[in-house]
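First up is the structure itself, then whatever we jot down about it.
The values are calculated or read from the model by the stated rules, or taken from the named source; none is laboratory data. This one's a predicted model, so the numbers in the text were calculated from it and none came from an experiment. Here the Cβ is made from the backbone with ideal geometry for all residues, glycine too, and neighbour counts use every protein chain on show. Just so you know, the surface numbers come from the protein's heavy atoms only, side chains and all, with ligands and any DNA or RNA stripped out. Shrake-Rupley method; radii C 1.70, N 1.55, O 1.52, S 1.80 Å.
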Amino acid sequence: GNRGALMHEYPASHPDVISVAAVTESGKFWERSNFSDQVEIAAPGHAILSTTTTLTAVHTSDFSWPVVQVAGSRSRGQRGTLIDCGLGDQACNAGLLGGGICLMARDQLHLKQMVKNCVSGGGKGAIVFDAVDPTADSPMPWVINDLPVILVSKEVGADLKLYVGSRVSIGYHESDEPEHTYAYFEGTSMAVPHVVSAAALVWSHFPECSNHEIRYALAISAADQENPGCDVDYGYGIVKAKDAYDWLSKQVLTQPCGSGTWGQPRQGGGCKTVAIDAVDEETI
């Protein structure tokens with residue numbers, strides 16, 4: 001989860017599921033990653049270049065306009081009541097109507113701050129038109145992935161003002177195929193695929209091992225961070241596929257998969273995946 005809170009969310013916190021925390025490019029714990037005693041391992045989850053689609057239109061009940069999606073904003077479409085948020089310089093209670101779409105005219109305020117104000121007021125989507133330069137509708141080079149953010153011309157913004165209080169949707173032109181592109185995203189949803197890929201890669205070299213044994217190898221070989229041992233932020237540490245492979249290569253020489261005491265199913269998951277004495281004796 002991405003609330004930056006000490007909490008259990010499911011299915012991630014189920015004992016049979018590996019709960020993954022997100023870290024930044026420097027290996028530091030990402031401040032918005034949830035943490036708990038069920039976190040088992042960490043992986044990169046900040047500013048991750050990912051495949052995505054691009055939103056192309058905003059729709060009202062009787063008309064559609066072309067739009068430009070802000071790079072890094074959420075590509076999933078959104079529907080809600082259009083709320084006039086002025087210059088976006090303060091929260092405009094866009095959440096009072098079940099989560100509205102913020103319509104904002106950009107003046108001097110940084111676009112990122114405008115979107116933050118939309119979110120703080122309960123908005124679930126943002127439409128920004130430029131009150132100074134109507135041609136300034138190109139994607140911005142920073143990450144906003146909490147909600148869809150689109151840019152329109154000053155003229156389209158004026159047209160949309162006539163629909164304030166009505167339902168609008170941000171999505172695609174009906175005749176368009178979604179444009180496939182890349183964007184930078186953040187979150188534990190970016191971290192989990194790193195661990196899944198590491199597990200699949202390691203397991204492909206040791207197909208005779210069980211899922212529990214692969215899970216054990218990933219945990220015991222993870223790169224420990226900050227406080228020694230497993231903790232609520234990083235779990236056992238940052239996933240390291242090559243170290244997990246090396247650890248298994250050493251173990252199967254004397255205790256092949258299925259014959260050793262390591263890698264047995266354990267109750268609890270998280271920091272209970274590897275016994276404390278095993279970490280002292282077996283960590284590479």
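If I filter segment 155-180 down to residues being assigned to a strand (DSSP E or B) and either open to solvent by less than 50 Å² (accessible area, probe 1.4 Å) or out of contact with any Ser or Thr (no Cβ under 8 Å at 6 or more places or on another chain) (or both), which single residue comes out as modelled with the lowest pLDDT? Walk me through it before giving the result.
Looking only at segment 155-180, we keep the residues that are assigned to a strand (DSSP E or B), and these are 167-171, 179-180.
Now drop any that are not either open to solvent by less than 50 Å² (accessible area, probe 1.4 Å) or out of contact with any Ser or Thr (no Cβ under 8 Å at 6 or more places or on another chain) (or both), which leaves 168-171.
On the way: Val168: 92, Ser169: 90, Ile170: 88, Gly171: 81.
Within segment 155-180, the match that is modelled with the lowest pLDDT is Gly171.
For residues in segment 219-250 being among the polar types (S, T, N, Q) and in contact (Cβ under 8 Å) with a residue 24 or more places away in the chain, which is surrounded by the fewest Cβ atoms within 10 Å (Cβ to Cβ)?
If we filter segment 219-250 for residues that are among the polar types (S, T, N, Q), which is where we start, we get 221, 225, 227, 249.
From what is left, the residues that are in contact (Cβ under 8 Å) with a residue 24 or more places away in the chain are 221, 225.
Numbers: Ser221: 26, Gln225: 19.
Here the residue is Gln225.
Taking the criterion of being open to solvent by 60 Å² or more (accessible area, probe 1.4 Å) and assigned to a loop (DSSP other than H, G, I, E, B), the residues of segment 3-15 that qualify are Arg3, His8, Tyr10, Pro11, His14.
Okay, residues lined up against (1) more than 27 Å from Val274 (Cβ to Cβ); (2) not in a strand (DSSP E or B):
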position: Val17; (1), (2): no, yes
position: Ser33; (1), (2): no, yes
position: Glu40; (1), (2): no, no
position: Leu49; (1), (2): yes, no
position: Arg76; (1), (2): yes, yes
position: Gln90; (1), (2): yes, yes
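Take the conditions (1) assigned to a helix (DSSP H, G or I); (2) over 13 Å from Ile18 (Cβ atoms); (3) modelled with pLDDT of 95 or more; Asp233 misses just one of them, which is (1). If you go through segment 66-89 and pick out every residue that is under 26 Å from the mean Cα position of the chain (by Cα) and without any contact (Cβ under 8 Å) to a residue 60 or more places away in the chain, you end up with 1. Would segment 9-20 turn up any residue that is in contact with a His (Cβ under 9 Å, 6 or more places away or on another chain) and more than 20 Å from Pro193 (Cβ to Cβ)? There is no residue in segment 9-20 that is in contact with a His (Cβ under 9 Å, 6 or more places away or on another chain) and more than 20 Å from Pro193 (Cβ to Cβ).
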